[in-house]
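Student: Quick one: this structure, given as structure tokens, is what I'll be asking you about.
The values are calculated or read from the model by the stated rules, or taken from the named source; none is laboratory data. For clarity, every value in this text was computed on a predicted model and none was experimentally measured. Neighbour counts are summed over all protein chains in view; Cβ atoms, including those assigned to glycine, are modelled from backbone coordinates with ideal geometry. What goes into the accessible areas is simple: the full protein's heavy atoms, side chains included, and nothing from ligands, DNA or RNA. Shrake-Rupley method; radii C 1.70, N 1.55, O 1.52, S 1.80 Å.
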Amino acid sequence: MKTIGLIGGMSWESTAEYYRFLNEFTRDRLGGLHSARCVIYSVDFAEIEQLQVQGRWADAGEILAAAARSLEVAGADLVLICTNTMHKVADVVAAAVSIPLLHLADATADAVRASGLRRVGLLGTAFTMEQDFYRGRLEAAGLDVRIPDTDGRALVHEVIYEELCLGIVRDESRTAYQKVINDLVAAGAEGIILGCTEIELLIGPGDSPVPVFPTARLHAQAAVDAALPGAQNDTATTPASR
């Protein structure tokens, strides 16, 4: 098995899920006591969040690039950025190393296309929903991406940073997210991309009338597929339950 390098900590709540997914998928593929070969570089999210707010993406990119270089030195054969939002600096990170970066949006788009869907709603941070670095990549892959209205985007963003990144999961927030999802479905969405890795802590398939695409799970599955080429794949890269 190739060694998977994870740039995590953004937030560590979802990075912990990545670690679990990688090991579960590896065990499913190989059986027995097998687990994933991986190394994790976990940054201080408080520092990254401040750079996001200040629009200092170049500085944030250098922090993640340095993390990627450390992972390569530690023996990683491929690298993942364990957050949707920080794929805004994915090109900077990829350029910093000689190993491949497995882009989260690509793994997500592959899963949506494999399901036969095209029109999808996107939930995530305001950066992910409103800027082109992520939506544009999904659209370049042939998807028709819809986002919530202004109030919906503000709600989704606030819950991510003020609750989910702190490990707070509230039924009231789940209900509020379900309303946003239902509005997107009414606007034509055939599926919902959970485009922030923490949203999977709150929303599962039973919370949506259409399929959901949990990006952390899909990213981890794609990483195991890349790390175990040719091995039998028993876990489909499709909308999955938690």
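Student: Of all residues being β-branched (Val, Ile, Thr) and out of contact with any helix residue (DSSP H, G or I) (no Cβ under 8 Å at 6 or more places or on another chain) in segment 40-93, which is surrounded by the most Cβ atoms within 10 Å (Cβ to Cβ)? Just the residue, please.
Tutor: The selected residue is VAL73.
Student: Just to be sure I understand the filter: pairs with C-beta atoms under 6 Å, separated by 6 or more residues or on different chains, first member in segment 178-206 and under 18 Å from ARG135 (Cα atoms) and touching a residue at least 24 places away in the same chain (Cβ under 8 Å), second member assigned to a strand (DSSP E or B) and among the β-branched types (Val, Ile, Thr). Which pairs pass?
Tutor: ILE181/ILE192; ALA189/VAL120; GLY191/VAL120; ILE192/VAL212; ILE193/VAL120; LEU194/VAL212
Student: Mind checking whether some residue in segment 185-208 is open to solvent by 50 Å² or more (accessible area, probe 1.4 Å), in contact with a helix residue (DSSP H, G or I) (Cβ under 8 Å, 6 or more places away or on another chain) and of a type outside the set (Phe, Trp, Tyr)?
Tutor: Looking through segment 185-208, none of the residues is open to solvent by 50 Å² or more (accessible area, probe 1.4 Å), in contact with a helix residue (DSSP H, G or I) (Cβ under 8 Å, 6 or more places away or on another chain) and of a type outside the set (Phe, Trp, Tyr).
Student: Among the residues that make up segment 53-75, is at least one of them under 24 Å from GLU17 (Cβ atoms), hydrophobic (A, V, I, L, M, F, W, C), in contact with a strand residue (DSSP E or B) (Cβ under 7 Å, 6 or more places away or on another chain) and part of a loop (DSSP other than H, G, I, E, B)?
Tutor: yes
Student: Have a look at GLY9, GLY55, GLY31 and point out the one that is in contact (Cβ under 8 Å) with a residue 24 or more places away in the chain and at positive phi.
Tutor: The unique qualifying residue is GLY9.
Student: Name, by its number, the condition in (1) crowded, with 21+ Cβ neighbours inside 10 Å; (2) within 16 Å of MET10 (Cβ to Cβ) that does not hold for MET129.
Tutor: Exception for MET129: condition (2).
Student: Let me ask something else about it. Taking ALA107 as the residue in question, decide whether it is in contact (Cβ under 8 Å) with a residue 60 or more places away in the chain and buried (at least 20 other Cβ atoms within 10 Å of the Cβ).
Tutor: Answer is yes for this residue.
Student: Out of all the residues in segment 1-27, which are part of a helix (DSSP H, G or I), out of contact with any His (no Cβ under 6 Å at 6 or more places or on another chain) and hydroxyl-bearing (Ser, Thr, Tyr)?
Tutor: SER14, THR15, TYR18, TYR19
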